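Heads up, the thing below is written out as C-alpha cells.
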Amino acid sequence: MNDHVRRGLRTGDYDYELPHDRIAQTPAERRDQSRLMIVHRAAGTITHGVFADIAGLIAPGDALALNTTRVFRARLIGTGFNWAGIAENYSPTSFLINTLLPPASVLP
C-alpha cells in the first residue's frame, strides 16, 4: 500500500495486545451500566464512563449508528493433531468462526 494512505485505513492499524482478563465473558448485569470509552478528539484524551452517560455525549447534528446484530456462539474447541497423526503431538485447539459462507463456497 502506498505511503499516502492515511493512518486508520489498514487493518494492521488496529492490532494491539488485549490481556485475556480484560475480555468480557458475560454482559453487564444492567446493560446501561456497560463500560463506555469516550474519545475527546479535540483534546486528544480518552475517558471512561457507562452507557447510561451516552445521552449527554450526543450533540445536535451528530450521527448515531446502531448495531442490531446478534452474536452467537461460534467457537469450536477440540484437540488438534499433526497431519502424521502422531499421538504425542496432540494439542488443544480452538477455531473462531467470523463469517458463515453459503454452502456453495465451501472448499473441497
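Could you list all residues from segment 25-53 that are in a strand (DSSP E or B) and of a type in the set (V, I, T)? Talk me through it step by step, then tell me what you get.
First, the residues of segment 25-53 that are in a strand (DSSP E or B): 35-40, 45-50.
Once the filter is applied, which keeps residues that are in a strand (DSSP E or B) and of a type in the set (V, I, T), segment 25-53 yields I38, V39, T45, I46, T47, V50.
Filter segment 1-43 down to residues that are of a type in the set (G, A, S), at pLDDT below 85 and exposed (fewer than 10 other Cβ atoms within 10 Å of the Cβ) and give me whichever is farthest from the chain's Cα centre (by Cα).
Kept after step one, since they are of a type in the set (G, A, S), are these residues of segment 1-43: 8, 12, 24, 28, 34, 42-43.
Next, only the ones that are at pLDDT below 85 stay: 8, 12, 24, 28.
Subset that is exposed (fewer than 10 other Cβ atoms within 10 Å of the Cβ): 8, 12, 24.
Numbers: G8: 16, G12: 14, A24: 11 Å.
Top of the filtered list is G8.
(1) in contact with a strand residue (DSSP E or B) (Cβ under 7 Å, 6 or more places away or on another chain); (2) among the small types (G, A, S); (3) surrounded by fewer than 10 Cβ atoms within 10 Å (Cβ to Cβ): which one isn't true of G49, the others all being true?
Checking G49 against (1) in contact with a strand residue (DSSP E or B) (Cβ under 7 Å, 6 or more places away or on another chain); (2) among the small types (G, A, S); (3) surrounded by fewer than 10 Cβ atoms within 10 Å (Cβ to Cβ), the one that fails is (3).
The values are calculated or read from the model by the stated rules, or taken from the named source; none is laboratory data. As the structure is a prediction and not an experimental result, all values here were calculated from the model. A quick note on method: Cβ atoms are made from the backbone with ideal geometry, for glycine too, and the neighbour counts reach across all protein chains shown.
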